[in-house]
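Please read the structure below before turning to the comments.
What follows is calculated from the coordinates using simple rules that are stated; it is not laboratory data. Predicted, not measured: the structure shown is a model, and the values here were computed from it. When we count neighbours, we look across all protein chains shown, and the Cβ atoms used for this are built from the backbone with ideal geometry, even at glycine.
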Number of protein chains: 2
Amino acid sequence: MSETEPPVPETDVAQLDEDDRLKPEYVRAVLDAVHDGDDEEARALVEPLHPADIADLFELTPHEDRADLANALTDLLDADVFAEMNDYVREDLIDALEPHQVADIAAELDTDDAVAIIEDMEPEDQREVLRALDPDDRAAIEEALSYGEETAGRLMQRELIAVPEHWSVGNVLDYLRGHEELTTDFWEIFVVDPAHKPVGTCQLSWILRCPRNIAIADVMKREQTLIPIDMDQEEVALRFQKYALISAAVVDPAGRLVGMITVDDIVHIIQQEAGEDVLRLSGAGDGDINEPILLTVRTRLTWLVVNLGTAILASSVVGLFQGEIAKFALLAVLMPIVSGMGGNAGTQTLAVVVRAIATNQLTDSNTVRMIVREFRIAAANGASLGIIIGVGTYVIFGNPSLAIVIAMAMVINNLIAGLSGVLIPVTLDRFDIDPAVSSAVFVTMMTDVMGFFSFLGLATLWGLGG
Amino acid sequence: MSETEPPVPETDVAQLDEDDRLKPEYVRAVLDAVHDGDDEEARALVEPLHPADIADLFELTPHEDRADLANALTDLLDADVFAEMNDYVREDLIDALEPHQVADIAAELDTDDAVAIIEDMEPEDQREVLRALDPDDRAAIEEALSYGEETAGRLMQRELIAVPEHWSVGNVLDYLRGHEELTTDFWEIFVVDPAHKPVGTCQLSWILRCPRNIAIADVMKREQTLIPIDMDQEEVALRFQKYALISAAVVDPAGRLVGMITVDDIVHIIQQEAGEDVLRLSGAGDGDINEPILLTVRTRLTWLVVNLGTAILASSVVGLFQGEIAKFALLAVLMPIVSGMGGNAGTQTLAVVVRAIATNQLTDSNTVRMIVREFRIAAANGASLGIIIGVGTYVIFGNPSLAIVIAMAMVINNLIAGLSGVLIPVTLDRFDIDPAVSSAVFVTMMTDVMGFFSFLGLATLWGLGG
């Protein structure tokens, strides 16, 4: 990514708080300078920042001030800053630039970062930027854009070091020293056969520790984790994590080396994919705080309307017992406790199961064990909560029948919560539906409907409303 | 981590499915061999696996079979496998081993991995293992254990390459080639002054591309991101991510270089910290599926009991309106819709805000903007849902007053959900309370209480229950 740009030294970061966040008074000072038209002051304030922090500065600046800030900073706003920026904020800025300016920025970047900038542009602007690039860069970016979004093909960079099998360590050193134009952004070199298929990978530390006359084939590791070019980025991230990779070769369907993915591009994805679950479970979409507000409303409202459907379904169950409620209104007072606690217990199980599926910890081999486990937990928690609420109800209302009914309903709804919390996401996953997106609606529906039904139904059977 | 152990080659992984998970029929075959006492068959099956996959195999094996599996595999169960294993599963196995066996394993590992194995042992067993180690390893591990859990001091390895400032590239090469005992697990070398304080960092690719006579001081990057030894691992992970680091120097309070953290140790933490939010928001604790079941029950039950308190509070609000409900039971049918939809909307906002806080995207600089943003989203969604439910209520029940009351209550509760979804986590964060752990209880309480109160209160004011 930004190997040419130094991180801010630990010792003089007056702009950052102890958590590496830009201090609000610093952000204010920069924006004040911009508002006062004092561009020189603004540039002086921003100059010491790491590109990642300049990107943060733009994210923390209100939408309407971003163009002014960009105009004030101009030359500080380089390719590395764009590479670090939030997608929506970057689009904002890119819209304000001329295509040739975007092309200048893209030309400076590794393929993966250039693609990230260009992929979200309007088709017409995209074509204009591509036309302004020189033919090599253009071909590389066009090819990357031909792979599906969120695949290895989009993530990889084409700049890498590949050497033939028959070279010695000395040949490799001479090659690296003699070719100015080679990338400096690599941590391993790839050894390829004449068909350009990878036959081994070599950590730089191994090369550094060997005499010049040793054959590279004797230094390299033959077993390697190759990434197919169409692999989904989430799978790429899991593979990097599982095998503790620093970089990996990307191969085309014929097995030829076509690119390299490095771990610094993957940490963002690991973070994003792991954090996505919480947002998807709650129906908040990408949950990006820089997203245009209309897009956010649409995403969240869609989810809320679906949930409104299940809420109406649950309330129609209550409707079946209107007669009993009219005669004994205390039922209406207590029923939300049963449904709500079921919802809480179901969400707990759901969160655990969705994480376990996402991290490949829950597989066909241990699904049955997981179901049994959650059933036992639900039974223990249901019994505990049932006793607490039963005793409480008896003490407060002095009605033993009501106490028994609510305790029983609590146990039943906890069991339903536990079982649906496992079975629903596991089933969705079998059908290749993302369990994080769709499970919560069904689980809540189960715990609401069954919470009301078990409590009001048992109360009716017991003659409490009669 | 496991640079000496090759990842499983892409081409012959008959044990893995397309998502890098062990196939259930493979796991069954291994366990069948173990049950039949055919240890040789089990070893033959497991031998081709990467250590990370052997660790997975133990996690997928039921608790009661793990000791048998370990006995069958013996020599395949090496240090790298333990380093990759889930904490609870590892504890299980370590309990079954003799202290000197644990010491043999620990001695093979880098400090960080050895510490991970030893830190969770009983004090007495821990002392026995430490006694069995040789003095150097022992001192290193004892010192690491003296730092707080989840700090840089526990994460770092002491094995690193540090060279003096006055050396040339050639000196560095000769040093690396001439000292067998040096680690091979490094991606950058650190340049230190005579007081052993880091003055620069040098990527191996830069060294490889320079002639021997160049001074290392001219190759290294002077600006570096140093990690204080007591920094929390979550901060370390954010710093690695923000500045795209591959490795970083760890310094003691006097600024001396004492260790190194590499990105492969960080990807686990990034994943874990990002995934933790979803588990904490739902009150599922660590959500580790290998956790002993009693611990899981205790964690989840604590949370459920707290939520029971808020559910009772909400139901006592309903209790205030018992008279109205007895006269007009339809109120009890519709009230869960208002409270439930508020809960859903509140959870959406909460998920977004908790993620934004955890990733340092939401700071003092943009809190006000975030509050305004969520208020606008809540107003838009509340109005939409209010219209839908109002029209629906009018069509189904033909009661215009009831329709207006439920629509107004829906708008009010959505605004409360949006505002409490931002204000509660932001406030908790100001007081250094983890918003992921504590926010959901308060937000749900607000949306339940205010959902019931606004709907039943408005209905009473309107004379619907009269």
Exposure-ranked with fewest Cβ neighbours within 10 Å first, B:349, B:262 stand as B:262, B:349
Sorted from fewest to most neighbouring beta carbons within 10 Å, what does the list A:239, B:66 look like? B:66, A:239
Would you mind telling me the antiparallel percentage of the DSSP bridges in chain A, rounded to 5? 75 percent
Other copies of residue B:195: label-to-label distances in nm, shortest first, labels 7 Å along the beta-carbon direction: 6.0
Can you give the average number of partner chain beta-carbon atoms within 10 Å of each beta-carbon in peptide B:179-191, as a whole number? 2
Calculate log10 I(q)/I(0) of the protein assembly as shown for q = 0.07, 0.08, 0.09 Å⁻¹, where I(q) comes from the Debye formula with a single equal point scatterer on each Cα and nothing for solvent. -0.64, -0.83, -1.03
Label zone at residue A:162, where the point sits 7 Å out along the Cα-to-Cβ direction: the stretch A:187-211 residues whose backbone N lies under 14 Å: A:189-201
Quick one: if you stick a label point 7 Å off each Cα along the C-beta vector at residue A:127 and residue B:136, how many nm between them? 6.6 nm
At R0 = 41 Å, FRET efficiency that the Cβ-Cβ distance of residue B:391 and residue B:316 yields, to 0.05: 0.80
Quick one: length gained pulling residue B:14 to residue B:175 fully straight, 0.36 nm per residue minus the C-alpha distance? 53.7 nm
Let me confirm one metric for peptide A:225-237, namely the mean number of other chain beta-carbon atoms within 10 Å of its residues' beta-carbons. 2
Pop the C-beta distance of residue B:145 and residue B:404 into the FRET formula with R0 = 56 Å and round what comes out to the nearest 0.05. 0.25
Working from Cα positions, state the angle (0 to 90°, nearest 10) between the long axis of helix B:135-145 and the longest principal axis of chain B. 20 degrees
Quick one: go through the stretch A:46-76 and flag any residue whose amide nitrogen is under 12 Å from the point 7 Å out along the Cα-to-Cβ line of residue A:39. A:68-76
Estimated inter-spin distance, residue A:23 and residue A:119, nm [label 7 Å along Cα→Cβ]: 3.8 nm
Once you have the Kirkwood Rh of the stretch A:364-410 from its Cα pairs, apply Stokes-Einstein at 37 °C and 0.692 mPa s and quote D in µm²/s. 280 µm²/s
How big is D, in µm² s⁻¹, for the stretch A:355-466 by Stokes-Einstein at 37 °C and 0.692 mPa s if Rh is the Kirkwood radius over C-alpha pairs? 214 µm²/s
Any idea what the alpha-carbon Rg over 2.2 N^0.38 Å comes to for chain B? 1.29
Given the -39500 (n - 2.57) contribution per DSSP H run of 4+ residues, what per-residue ellipticity at 222 nm results for chain A, rounded to the nearest 500 deg cm²/dmol? -20500 deg cm²/dmol
Can you compute the equivalent ellipsoid semi-axes for the stretch A:308-382, i.e. the square root of 5 times each eigenvalue of the Cα gyration tensor, sorted largest first and rounded to whole Å? 34, 14, 10
Under the convention of a label 7 Å out along Cα→Cβ, give the distances in nm from residue A:462 to the same position in every other copy, shortest first. 3.3
Fewest-first ranking of A:401, B:438, A:282, B:205, using other Cβ atoms within 10 Å as the exposure measure: A:401, B:438, B:205, A:282
Computed over all unlike Cα pairs, the Kirkwood hydrodynamic radius of the stretch A:60-138 in Å stands at 12.7 Å
Spin-label model distance (nm) - residue B:195 vs residue A:195, 7 Å beyond Cα toward Cβ: 6.0 nm
Can you give the FRET efficiency to the nearest 0.05 for residue A:47 and residue B:218, using r as the Cβ-Cβ distance and R₀ = 25 Å? 0.60
Averaging sequence separations of C-alpha pairs under 8 Å and six or more residues apart, then dividing by the length of chain A, give the relative contact order as a whole percent. 11 percent
How many Cβ atoms of partner chains, on average, are near each residue of B:346-354 if near means within 10 Å of its Cβ? 6
Compute the longest continuous run of chain A that contains no exposed chymotrypsin sites (Phe, Trp or Tyr not before Pro); treat a site as exposed when its DSSP state is not H, G, I, E or B and it has at most 14 other Cβ atoms within 10 Å. A:1-430
If N is the number of residues in the stretch A:10-155, what value comes out of its Cα radius of gyration divided by 2.2 N^0.38 Å? 1.11
Tell me, what is a quarter of the convex hull surface for the C-alpha atoms of the stretch A:162-271, in nm² with one decimal? 7.1 nm²
With +1 on the Cβ of every Lys and Arg and -1 on the Cβ of every Asp and Glu, and nothing else charged, how large is the dipole of the protein assembly as shown about its Cα centre, in debye rounded to the nearest 20? 5240 debye
Taking every C-alpha to C-alpha distance in the stretch B:269-342 and binning by 10 Å from 0, the per-bin percentages run 16, 31, 24, 19, 9, 1
Given backbone amide H placed at 1.01 Å from N, residues whose amide H is under 5 Å from that of residue B:192, ignoring those fewer than 5 places away on the same chain, are B:163, B:165, B:199
Quick check on the protein assembly as shown: of the DSSP beta bridges with both residues there, what percent are antiparallel, nearest 5%? 75 percent
Say the dipole of the stretch B:127-223 comes from +1 at the beta carbon of Lys and Arg and -1 at that of Asp and Glu; which of B:192, B:205, B:141 then lies farthest toward its positive end? B:205
Mind listing the phi-derived Karplus ³J(HN,Hα) values for the stretch A:322-327, rounded to whole Hz, using 6.51, -1.76 and 1.60 with θ = phi - 60°, and x for any glycine or proline? 3, x, 5, 5, 4, 7
